[in-house]
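Visitor: Pasting a structure below so you can have a look.
The values are calculated or read from the model by the stated rules, or taken from the named source; none is laboratory data. Please read these numbers as outputs of a predicted model, since none were measured by experiment. Quick reminder, even Gly has a Cβ in these numbers, built from the backbone with ideal geometry, and neighbours come from all protein chains shown.
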Amino acid sequence: MKKIIKLILLVVVSSFLITSCGGKAGNSLTDIKERGNIVMYTEAGFPPFAYRGNAGSVEGIDMDISLEIAKEIGVALNTQDVKFTSLIPSLTGGKADFVAAGMTNTEERSKTVDFSNDYLVAYQSVLSLEGKGYQKISELADKKIGVQTGSTSDIIVSAEAKKVKLEDGTTVDGIFENTGTEIKRYETVLEAVQDLKNGRIDAIVVGSIVGDNLISNNPDINDEKLLDRDGKEYSESNAIAVKKGNTELLNLINKVLARLEETGKLDEIYKKHAESIIKN
Ligand code: GLN
């Protein structure tokens with residue numbers, strides 16, 4: 001009797017071990033091929049990178065690039081639309097195989113995830129209603145500024161509320177210190193657009209590729225300037241992120257990006273979505 005119980009226990013314990021270790025979803029190329037699909041996480045309120053098309057499904061530059069990555073591996077693409085701030089945790093937690101969300105490769109982020117080569121380069125831009133013409137970050141002092149939570153735009157304007165570290169390593173007082181500037185954070189830039197139209201905020205700071213798209217979709221927001229601090233614009237990259245150390249997948253992604261660039265397909269993808277009209 002004792003032996004039978006021991007045996008049953010052994011079976012239970014070993015099957016538990018199999019499901020918790022052997023069955024665990026990994027993110028290596030082999031795991032992806034075995035699974036038959038690759039999991040891409042994005043935030044689909046960020047046209048033209050990722051947005052809900054008129055049919056309700058996720059479309060955009062990042063979606064088309066991701067389809068090419070899936071095709072290269074020979075698996076289906078599994079797309080997940082989450083909050084921007086959940087994207088990096090989805091990689092570190094192993095839920096996502098990669099993130100394609102118009103994400104910028106920053107020093108801080110690259111401490112926790114690995115980035116591909118850049119596939120697009122943009123600038124920070126300021127959107128406002130007709131005639132405002134905000135361009136210098138100092139012109140935004142004492143204004144209400146909308147940004148997407150956790151985005152590089154959020155990081156840049158938030159830094160101005162305290163001490164700002166410049167590129168040459170020197171530290172200066174933030175332009176917004178003691179000015180009464182209000183920074184309003186939104187889950188998506190589309191929500192910020194509504195508030196700008198309703199006069200609840202004075203300006204939106206957002207990447208220029210997205211800014212261009214928002215302007216073409218919203219005729220009443222017709223002022224877009226590149227944000228500038230002391231005569232210098234803020235350029236930023238867009239890259240795909242994978243879990244730290246997932247070099248095999250990263251190399252494959254870089255290979256796909258290089259092919260898309262060389263064949264002119266990336267240009268085509270960009271043009272297809274750049275001024276895409278979306279319902280919002
Ligand atoms: N490029 C910006 C960033 O990485 C915005 C990206 C986004 O909001 N999807 O923060």
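Visitor: Hey, could you check segment 46-65 for residues that are free of Cβ contacts under 8 Å to residues at least 40 places away in the same chain and within 18 Å of the chain's Cα centre (by Cα) and say which is farthest from the ligand (Cβ to nearest atom)?
Guide: If we take residues in segment 46-65 being free of Cβ contacts under 8 Å to residues at least 40 places away in the same chain and within 18 Å of the chain's Cα centre (by Cα), then Ser57 is farthest from the ligand (Cβ to nearest atom).
To keep it simple, each residue is scored yes or no on (1) surrounded by fewer than 19 Cβ atoms within 10 Å (Cβ to Cβ); (2) within 29 Å of Ser158 (Cβ to Cβ).
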| residue | (1), (2) |
| --- | --- |
| Ile201 | no, yes |
| Ile209 | no, yes |
| Pro219 | yes, no |
| Asp228 | yes, yes |
| Tyr234 | no, yes |
| Ala241 | no, yes |
| Ala258 | yes, no |
| Lys265 | yes, no |
| Lys271 | yes, no |
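Visitor: Right, something else. Can you tell which of Glu34, Glu43, Glu68 is modelled with pLDDT of 95 or more and within 16 Å of the ligand (Cβ to nearest atom)?
Guide: Just a single option satisfies the conditions, and that option is Glu43.
Visitor: Would you be able to tell me the number of residues in segment 215-251 that are over 20 Å from the mean Cα position of the chain (by Cα) and of a type in the set (A, V, I, L, M)?
Guide: Matching residues across segment 215-251 total 1.
Visitor: Within segment 172-197, take every residue that is surrounded by 19 or more Cβ atoms within 10 Å (Cβ to Cβ) and part of a strand (DSSP E or B) and give me the one that is farthest from the ligand (Cβ to nearest atom).
Guide: Per the stated criteria, the residue is Ile183.
Visitor: Hey, can you tell me all the residues within segment 118-156 that are out of contact with any Leu (no Cβ under 8 Å at 6 or more places or on another chain), surrounded by 24 or more Cβ atoms within 10 Å (Cβ to Cβ), without any contact (Cβ under 8 Å) to a residue 60 or more places away in the chain and not hydrophobic (A, V, I, L, M, F, W, C)?
Guide: Ser153
Visitor: Name the single residue, out of those in segment 213-256 being assigned to a helix (DSSP H, G or I) and in contact with a strand residue (DSSP E or B) (Cβ under 7 Å, 6 or more places away or on another chain), that is farthest from the ligand (Cβ to nearest atom).
Guide: Among them, the one singled out is Leu249.
Visitor: Now for a separate question. When the residues of segment 71-90 are narrowed to those that are surrounded by fewer than 16 Cβ atoms within 10 Å (Cβ to Cβ) and away from the ligand (no atom under 12 Å from the Cβ), which ends up nearest to Asn251 (Cα to Cα)?
Guide: Glu72
Visitor: If Val205 passes every condition in (1) at pLDDT 95 or above; (2) within 22 Å of Gly131 (Cβ to Cβ); (3) in contact with a helix residue (DSSP H, G or I) (Cβ under 6 Å, 6 or more places away or on another chain); (4) more than 12 Å from the ligand (Cβ to nearest atom) but one, which one does it miss?
Guide: In the conditions (1) at pLDDT 95 or above; (2) within 22 Å of Gly131 (Cβ to Cβ); (3) in contact with a helix residue (DSSP H, G or I) (Cβ under 6 Å, 6 or more places away or on another chain); (4) more than 12 Å from the ligand (Cβ to nearest atom), Val205 misses (4) alone.
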